[in-house]
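Just below is one structure, and these are the notes that go with it.
The values are calculated or read from the model by the stated rules, or taken from the named source; none is laboratory data. Remember, it's a predicted structure, so these values are computed and weren't measured experimentally. Using ideal geometry, Cβ is built from the backbone for each residue, glycine included, and neighbour counts are taken over all protein chains shown.
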Amino acid sequence: MKQFLISLIFIYANIIYSQSDYQCGMPPNYQETYQPGYQVNYPQIGGQFAPAKTLNGAYLRIFCVFAQFQGDNKDPNDPNWPVNQMPVWANSFIGTNINQAPYPINTLSNYFYQMSNGTNHIIGYIHPTLITVNAPSTQYYGTSNRTVLQQIDATVNFTYFDQWSMPGTYQQTPNQQDNYVDAIYIIWRNIDYDTWGGIANLGLTYPNNPYITNDGARIADRIPTISMTLDIGGKSDYTFQNKLGLLAHEYGHYLFGAGHNFELAACSGTAQRGLGLMPAWAGSLAMNPHEKFLLGYTTYTDVFYDTPKTLADYQTSHIS
Ligand SMILES: [Zn+2]
């Protein structure tokens, strides 16, 4: 019995030692040594190329168009996006009116609304017909995207989608035109030019960048237009729930910038890849606390490891 007690104490001591040995928090009197790293990678709190907050009734509206190559015969009877049709979720993956706030659950609008504590309204306009492009699905995606724009140009008034002036980084003014379409998603059923699932541009190149519409509005390859190309059929999963993180991630490149892993070295020099909206790989859907901090959605207080602190659920309390 005595021997048992001693070994129990020994095990207990070992556990205590292990816990205090692993410090991912801040030691006493820790100085903010990672802050300079933030400054290098992220000069200012807020959205770099897209508004992080749309205040006073303003909103950012994304022009959304669905496209398919004529010869697309991959998963032809997929119930979520049958070939030669709009996806069944075309009118439900994003809010279309600011009056819908907080927006239906699982929509892109609800995602940004929730992450921003109700300060960022991102809605969409859905082009009502599927655009079919007669070309090989492997051709350069910028050429394919340009064909989509040419095919819809005559029926769309693109000046209607220019409601923001975004002349430079961290400069976004609502209710002011800059002659650039604010934001566009070209959402492909399958595009086989590359292996990415999405990219934060349209691939437009000189002399077709910007693309100038019949109305004289301009669509930039990227910046100041928030331009995004999506490949939904990757992994043969055509649900928008599966691609919601991808849609948000590509938009995130305009909020955060072109890079990844914005929380570079917060834990003893270890990058925190795998958590957050903007890791280079294996990210999650939710913005992590650092990402929220960079957009001005949360602040933080240092809690030292010798100070007891109880935390509530992060996503609902916004406290982590
Ligand atoms: Zn990315």
Take the residues of the stretch 181-208 that are among the aromatic types (Phe, Trp, Tyr) and in a loop (DSSP other than H, G, I, E, B): which is farthest from the chain's Cα centre (by Cα)? TYR206
Considering every residue within the stretch 125-146, establish whether at least one is at pLDDT 95 or above, more than 13 Å from ARG61 (Cβ to Cβ), within 25 Å of the chain's Cα centre (by Cα) and of a type in the set (Phe, Trp, Tyr). yes
Considering residues that are away from the ligand (no atom under 16 Å from the Cβ) and surrounded by fewer than 18 Cβ atoms within 10 Å (Cβ to Cβ), the number found within the stretch 194-207 is 3
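Could you say whether any residue in the stretch 163-180 is among the hydrophobic types (A, V, I, L, M, F, W, C), more than 16 Å from the ligand (Cβ to nearest atom) and in a loop (DSSP other than H, G, I, E, B)?
No, the stretch 163-180 contains no residue that is among the hydrophobic types (A, V, I, L, M, F, W, C), more than 16 Å from the ligand (Cβ to nearest atom) and in a loop (DSSP other than H, G, I, E, B).
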Is there any pair with a first residue in the stretch 197-214 that is more than 13 Å from THR147 (Cα to Cα) and a second that is within 16 Å of the ligand (Cβ to nearest atom) and among the β-branched types (Val, Ile, Thr) whose Cβ atoms are under 9 Å apart and which are 6 or more apart or on different chains, and what are they? GLY198/THR229; ILE199/THR229; ALA200/ILE226; ALA200/THR229; ASN201/ILE223; ASN201/THR229
Residue list for the stretch 209-248, restricted to those being among the small types (Gly, Ala, Ser) and either more than 15 Å from the chain's Cα centre (by Cα) or in a helix (DSSP H, G or I) (or both): GLY216, ALA217, ALA220, GLY233, GLY234, SER236, GLY245, ALA248
Pull out all pairs, ordered by first then second residue, where Cβ-Cβ is under 9 Å, the residues are six or more apart or on different chains, the first lies in the stretch 126-152 and is under 19 Å from PRO87 (Cα atoms), and the second is assigned to a helix (DSSP H, G or I) and of a type in the set (A, V, I, L, M). HIS127/ILE152; THR129/ILE152; ILE131/VAL148; ILE131/ILE152; VAL133/VAL148
